[in-house]
Amino acid sequence: MASPQTNGDLWLKDLTKTFGDFAAVDHIDLHIPQGSFFALLGPSGCGKTTTLRMIAGLEEPTSGKVLIGDLDITYAKAYDRPVNTVFQNYALFPHMDIFENIAFGLRRRNVSDLDKKVKDVLELIQLSHLARRKPAQLSGGQQQRVALARAIVNQPAVLLLDEPLGALDLKLRREMQVELKRIQMEVGLTFIHVTHDQEEAMSMADTIAVMNNGVVEQLGAPLDLYERPATQFVASFLGQTNTLQGTVVGPDGDFTVVDTACGRLRLPRTELTGSVALGVRPEKIEFAQTAVSGVPDGANVVEGVVTDASFIGVSTQYIVRLRNEQEIAVFEQNLLFGRRALVGDQVTLFWDPRHSFALAAQ
Amino acid sequence: MNAPVVPVPAAGVQAVRSTKAGTRRRWTPYLLLLPGLLWLGIFFIIPLASLLMQSLQTPVPNGLAGQFQQTWRFQNYIDTLSQPNFYNAMIRSFTYSFIATVLALLIAYPLAYAIALRAGRAKPLLLVLVVAPFFVSFILRTIAWKQVLGAEGPVVSTLQALHLVQQNFTIYPSSAAVIAGLTYNFLPFMTLPIFASLDRLDTRLVEAANDLYAGNLVAFRKVTLPLTMPGVVAGTLLTFIPASGDYINSELLGGSVNTTMIGKVIDSRFLVLSDYPAASVLSFTLMSIILAAVWLYVRKAGTEELV
Amino acid sequence: MARQEMDSQVSALRSMMSRRGFFGAAGAVGAASVLAACGTGGGSANPSASFPADTSAADKLVRWANWTLYLDVDKGKYPTLETFKKQTGINVDYREDVDDNNSFWGKVNGQLRTRKDIGYDIVTLTDWMANRMIQYGYTQPLDAAKVPNKSNILTALANVAFDPGRQRTLTWQSGFAGLVWNKEKLPKGLKTIDDLWQPALKGKVTVLSEMRDTVGCLLLSQGVDITKPISDAQFATALELLSKQLSSGQIYKVQGNQYKNDLINGTAWAGILWSGDIFQLNAENGDKWGFALPESGGTLWSDNMMIPSTSSHQTDAMKLMNYYYEPAVAAKVAAYVNYICPVQGAQAEMEKIDPKLAASEFIFPSADTLARAKTFVGLEAAQETSFNDQWLTAIGQ
C-alpha cells in the first residue's frame, strides 16, 4: 500500500463535478487532517456522496484536485489509491464468506500475513466466530461491521463511510455510533463519514462540513456549528432555530444592536449591516417571573402570548406568539413539577445576548 | 385421511373442527401441486415411457409399414447405434451445438453486459432488438442467412472483392455455415438469461471490488462473472439443448451427407420410413446423453452454491 | 395475377410452405414427442372393404384436405369454391392441412386402420402416397356416373400404374422433375443427366430430396423404364451414381424446394428440380433459368384427390371432383397455381383468361413433352421401405 511518507492529510482543492448543467459539487475546498473523524453532513442531493465518490475514485472530477499529502490522486483509478470505502448497504460480496470478503483487498495486493490480518480485524469487530458464514446469514449490524472490517484491514490513508448506519434501526444505530468511534480511535485512520443525520455527525465527528447545493456552507467543530451557525441553512439543519428579522443599529461594546419588531436586541459583534436575521435556539430562551423582575441585566427581552404547550418528558415545548404575530419556539427543561406557563398566558422571555447569532437576511 | 374417524367426545366439537382444519392444511400443498404433477405426468412421463417402449418394438410379421409389436428387443439399441450414419450424425450434432454454444456465449455476454450496464436509456430498445428476431419465423430467418452466406450473397462477394478469398470460395453450404446459423438462432436464448442476471447485479459490488484494489478484469473475474453464473448456466443450457436437437440449420445451411444432424435423421426415420423403433432409439439416446451432459455441467458449474 | 403482386415476404413464406416445401419446425425433441404420441402396436392389416353409408343427401358437406396455396384465392375466399357452393348447395370445409405426405400419413393412418372418421372426405396426396392408400385399402372407388368429367383427364395421366383407369383417384395438379440450369452460367443449357457431371459444375449441382424424382431421373438416364417394376439391382446402380456424385462433391446438396434460394443466390447452377418452381422463379426474378426434361426422360408427379375409406359424403365429394374437372373451372385454378393442369380443354378456356399462360409449356405441356415424362411405378410396401431406407442412408440420414 502506498502509505504516504509525507503527511497523510486529505486536500480537496477547488473540486467540482457537474452533470450536464447541474453542479453536484461546486468548487469545494477542504482540508481533512490525518487521523481525524470528519463528517460530511447535508440533505440528500447536497453533493456529499458525489464528493465522497470523487475521493474514492469512483467518480472523476470535472475540475479541481484531490490530494493525499503531496500525492495527487485526482485521476488515479479507484483500485490505485490508498482509500477504502464502507458502502451504503455494505456491498458485501454475496458469493464469498466473511473471511474472503475481508481478505479480498489483501489478496489483490498479495499482502503477506493475510491470515493473521484478517483474524485480527475479525477480532476487532468481534465476529471471529462467523468467519465462514456467508453475508446473507448475518444480521444487519454484523454485516455493517464486516463492511467496516473489509475496508480497515487494508489500512488505507483515508476511510470513507457512505451513510454506513442508514440501514440500521435506531437502537442499533446508536450502538454502532459508539462502536465506530471506538474503532476509529483504535486504528487511528482518517474517517470521512457521509451522513444526513445531524445527530450522528455531531456525536461522532471532530469536524463537520455542512454541505448544501454542492457547496460547503460551514465547516467546524460540532459545538461551533451549533452555537454559531453561519447561515440560515446551517442554523435550521442543525437543530431548531428561531429567527427575528431586524436592522443593524450599530455596535455596543462586544455586541451589535439590532432593531426588531419586538424591540432592540443584542447579539455578538457582527460585520453584517442593514437587514439581518437574529437567531436564537429555543432551549436558550427562558421565562421571566414577571415583566419587570427576574430578567438579568443586559438580557434580550421579548414579550408574547403562549399559544401551545406540549410536554415531551425531558422538556416542555412552548409556542409563543410575539407582538409582531411571529411565533417562536421555547424549550424549558423539565426542572419543576408543573408548568411555567399555560396556553393564553402573557409571558416575558429573555436570553443571554451571547446566545444570539446574526444571519444574513433572507 | 384418518383423523375424523376417531370417536369424538360430546365436548369435542372444537377438537373436531381443528382436526379437520389440520387435515386440510396438510393436504393443501399437495392439492396445489396436483395440476403441475398431472401436466408432468401426461406430457412428460407418459410420452417418455411410451418412447422407451417403442424403442423396444419389432415389426409385426407381414404387417403394414408402421406396424410394430412390443417385444422388448434391447438389441434395437445396438443395431441402431452401430450404424455409422447415425452415430456420426449424433457426434456431429453435439460438436456443432457445443461450438455454437461457446460462440453464442462469447457474443452474448458482452452484448448482455453492454445492454444491462452501459446502455442507459437505450436499454429497452436494445432489448427489443435482441428479441426482434423472434417476430420472424425461425425458418425464414435461417433462409435469410442462406441468402446472406450464398455464393453471390454479400459476405462472399465482399470477401472476394477484397481479394481475401479465391473466386470459387463458398461459405454455404458448410459446417461453418451450420454453426453460424445455430449460433445466430440461439443467441437470444443465451443473451436474455445473462442479461437478466447482469441487470440484477448490484453494480456497487463491482465498485466495491474496484475500491478494494481489483482492476476491472479482476473485478469481472472475481465478482461479476461468479454472480452472473446462473445466467450463464441457464443461457448455455437453453442454447445447447435445443441446438443439439435442431436440424433446420443443418438442413438449410449445410450440405448433404457431411452436415446432417441427428434431428434430421430421427425425423426421416420416423416420417419417411415409419421406422418408429429406430427413431425412438435415437431420440431416447439423444435425450439421455443431453440429460447426462446437463447434469455433469450443472454440478461442475456449481450454481447451487450461488446466492 | 397474384404472383406479380407478391412481395418478397410472401414469396419466402410461399417457398417455405408451398406444395412441396416441408420443414417441420420441430427439432428432435419435438419429433420425439410426435413419435411418442403416435400409437403403433399390432393390429389387423387391411380393413374390410365396407365403407360408411352415404349421407350426402341429408348432410350436404365435403371436407377437403389440400396443400397450401393450391387453390385460387381472392381476399381470403376461394372464388371457384364459392361458385360450387352456390351451384350445389353443398357446404365445403376446405382446409390446407397437408404440408407433407409423410406427416399427413402419420396423422391419419391410425384412424384409417381402425376405421374411425379422419375428418376428411377428400384428401390430396402425391402419387406414391396415393399408391399406398390404395394398397392399404384406405380409399373408396369413384363412381364414373357421378364423375362424368373424369374423361377430361389428360391421356398421359389416365392410366397411371398405381390406379389404372383412375378407379379411385383423380389428378389435382401435376408437375415435372427435370434438368434446370442457370442460363447465364450455362448458355448452352443441359440436355442429359450426364451433363450435370461436367467439371465446370462441381459443387454447383443440387438434386431433389424427393426420392422418386431424383432416383427416377437417374434410373431413366441408365435406361430403366420407371413405369415398370424396378429391380433392387437397378435401384442400387442408380444410388451408386448418386453416392459417387455426392462424395466427389459434384452434387453439393440433396434438398426440398429450399433449392429456390440457392438458385437465386448463385450457390446452385444446375440440378434435377421441379418445373413449377422454375416457372415461379422466372416470373419473379427475370427469365434466368432454363428447364428441360432430360433426353432420357424426366418424372411426372401428381397430387391426387381421393375419398378416404372413412368418408360418408361420397356423392358430394364426387360432385366436387366433377366440378373441378370442368375445363373452365380447371383453367381458373391453373391461372392461379401455375402447375400442370390435368384437364383437357382447360387450355382453350385459359385463352380467355390469359393467353400468355395458355401458351406456357409449364401449365399446358405439349403431347411431345408429356410423352417424355414418366410416372414412377407404384412400389410394393416392402420394396418401398427398402428403397427409402437405402435412399436415406445414401443421403446421410
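Please treat every number below as a calculation from the coordinates, not as lab data. These numbers come from a predicted model, not from an experiment. With ideal geometry, Cβ positions are generated from the backbone for all residues, glycine too; neighbour counts draw on all protein chains shown.
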Could you list which residues have their amide H under 5 Å from that of C:Arg63, counting only those 5 or more apart in sequence or on another chain, with H placed in the peptide plane?
C:Asp93, C:Asp121, C:Ile122
Express as a percent, rounded to the nearest 5, the fraction of DSSP beta bridges in segment A:10-234 (both residues included) that run antiparallel.
55
Return the calculated 222 nm mean residue ellipticity for the protein assembly as shown, to the nearest 500 deg cm²/dmol, obtained by summing -39500 (n - 2.57) across DSSP H runs with n ≥ 4 and dividing by the residue count.
-12500 deg cm²/dmol
About its Cα centre, how strong a charge dipole does segment C:69-193 have in debye, to the nearest 20, once Lys and Arg get +1 and Asp and Glu get -1 at the Cβ?
280
Stokes-Einstein D for segment C:101-181 at 4 °C, 1.567 mPa s, Kirkwood Rh over Cα pairs, in µm²/s?
91
In a Debye calculation with equal point scatterers on the alpha-carbon sites of the protein assembly as shown and no solvent, what is log10 I(q)/I(0) at q = 0.04 Å⁻¹?
-0.41
Of the peptides C:60-67, C:247-254, how do they stack up when ordered by the mean number of other Cβ atoms within 10 Å, highest first?
C:60-67, C:247-254
Cα-Cα pairs in segment C:38-180 separated by more than 20 Å, as a whole percent of all pairs, come to 56
Modelled label-to-label distance, B:Phe44 and A:Asp14, 7 Å Cα→beta-carbon offset: nm?
6.8
Highest-fluctuation residue, B:Lys264, B:Lys146, B:Lys123 considered, GNM on chain B with Cα pairs under 10 Å
B:Lys123
Gap in Å between the Cα centre of segment C:273-319 and the Cα centre of segment B:108-163?
37
Can you list the residues, at least 5 places off or on another chain, whose amide H is less than 5 Å from the amide H of C:Gln140, using H built in the peptide plane?
C:Ile307, C:Ser309
Between A:Ser139 and C:Glu361, what is the label-to-label distance in nm when each label sits 7 Å out along the Cα-to-Cβ direction?
9.4
Potential lengthening between A:Gln346 and A:Leu114 on full extension [0.36 nm per residue; Cα-Cα distance subtracted]:
76.4 nm
Principal axis extents for segment C:296-397, Cα atoms only, whole Å, descending order, please.
49, 43, 23
Please identify, among B:Val178, B:Val130, B:Val218, the residue showing maximal mean-square fluctuation in a Gaussian network model of chain B using a 10 angstrom Cα cutoff.
B:Val218
Nonlocal amide H pairs with A:Val249, under 5 Å, H built at 1.01 Å
A:Val257, A:Val258, A:Asp259
Quick calc, A:Glu186 & A:Gln240: beta-carbon distance into FRET formula, R0 35 Å, rounding 0.05, result 0.50
Within 10 Å of each candidate Cβ there may be at most 13 other Cβ atoms; applying that plus a DSSP loop requirement, which chymotrypsin sites (Phe, Trp or Tyr not before Pro) in segment C:302-360 survive?
none
Among C:Leu154, A:Ile152, C:Thr80, whose Cα projects farthest towards the positive end of the dipole of the protein assembly as shown, with charges put on the beta-carbon of Lys, Arg (+1) and Asp, Glu (-1)?
C:Leu154
Only four residue types carry charge here, +1 at the Cβ of Lys and Arg and -1 at the Cβ of Asp and Glu. Report the dipole size of chain C about the Cα centre in Debye, rounded to the nearest 20.
140
Note: probe point = Cα of C:Glu284 + 7 Å toward Cβ; backbone nitrogen < 17 Å; residues of segment B:117-147 passing the test are B:137-147
The base-10 log of I(q)/I(0) that the Debye equation returns for chain C at q = 0.07, 0.10, 0.14 Å⁻¹, one scatterer per C-alpha, is -0.32, -0.66, -1.35
How large is Rg over Rh for segment A:240-360, taking Rg from the Cα atoms and Rh as the Kirkwood inverse mean of 1/r across Cα pairs?
0.97
Phi to ³J(HN,Hα) by Karplus 6.51 cos²θ - 1.76 cosθ + 1.60 over segment A:79-88, Hz, x for Gly, Pro:
7, 10, 10, x, 10, 10, 10, 9, 7, 4
What list of ³J(HN,Hα) couplings, whole Hz, do you get for segment B:47-61 from phi and the Karplus terms 6.51, -1.76, 1.60, once you set θ to phi - 60° and write x for glycine and proline?
x, 5, 5, 5, 5, 4, 5, 5, 5, 10, 9, 10, x, 5, x
Could you tell me which of A:Ile98, A:Tyr79, A:Gly47 has its Cα farthest along the dipole of segment A:1-141 towards the positive end, charges placed at Cβ (Lys, Arg +1; Asp, Glu -1), taken about the Cα centre?
A:Ile98
Using each residue's phi in segment A:94-111, evaluate 6.51 cos²θ - 1.76 cosθ + 1.60 at θ = phi - 60° and report the 3J(HN,Hα) Karplus result to the nearest Hz, with x for Gly and Pro.
x, 8, 10, 7, 4, 4, 5, 4, 6, 6, 3, x, 5, 4, 4, 9, 6, 6
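Between C:Thr155 and C:Ser243, how high is the FRET efficiency from 1/(1 + (r/R0)^6) when r is the Cβ-Cβ distance and R₀ = 45 Å? Nearest 0.05.
0.75
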Of A:Ala361, A:Gln232, A:Ala209, which is farthest on the positive side of the dipole of chain A, counting Cα position, with +1 on Lys and Arg Cβ, -1 on Asp and Glu Cβ, and the Cα centre as origin?
A:Ala209
Given +1 on the Cβ of Lys and Arg, -1 on the Cβ of Asp and Glu, and no further charges, what dipole in debye does the protein assembly as shown carry about its Cα centre, rounded to the nearest 20?
2380
Distance in Å, no decimals, from the C-alpha centre of segment C:51-126 to the one of segment C:176-229 is 35
Using packing as a proxy for protection, rank C:302-310, A:247-255 so that the peptide with the highest average count of other Cβ atoms within 10 Å comes first.
C:302-310, A:247-255
Which of the three applies to segment A:10-234, rounded, prolate or oblate, going by the alpha-carbon gyration tensor with a ≥ b ≥ c and a/c under 1.5 meaning rounded?
prolate
If you take the beta carbon distance between A:Asp308 and B:Arg200 as r and set R0 to 56 Å, what does 1/(1 + (r/R0)^6) give as a FRET efficiency, to the nearest 0.05?
0.65
proj_area_mean for chain B (convex hull on C-alpha atoms), units nm², value 28.1
In the protein assembly as shown the DSSP beta bridges are antiparallel at a rate, in percent to nearest 5, of 75
Cut-off 15 Å between beta-carbons: net charge of the residues surrounding C:Thr237, Lys and Arg +1, Asp and Glu -1
-3
Grab segment A:10-234 and count how many Lys pairs have their alpha-carbon atoms under 26 Å apart, sequence gap of 8 or more, or different chains.
20
Starting from the 7 Å offset along Cα-to-Cβ, what nm value, one decimal, do you get for the label separation of A:Ser63 and A:Asn213?
1.9
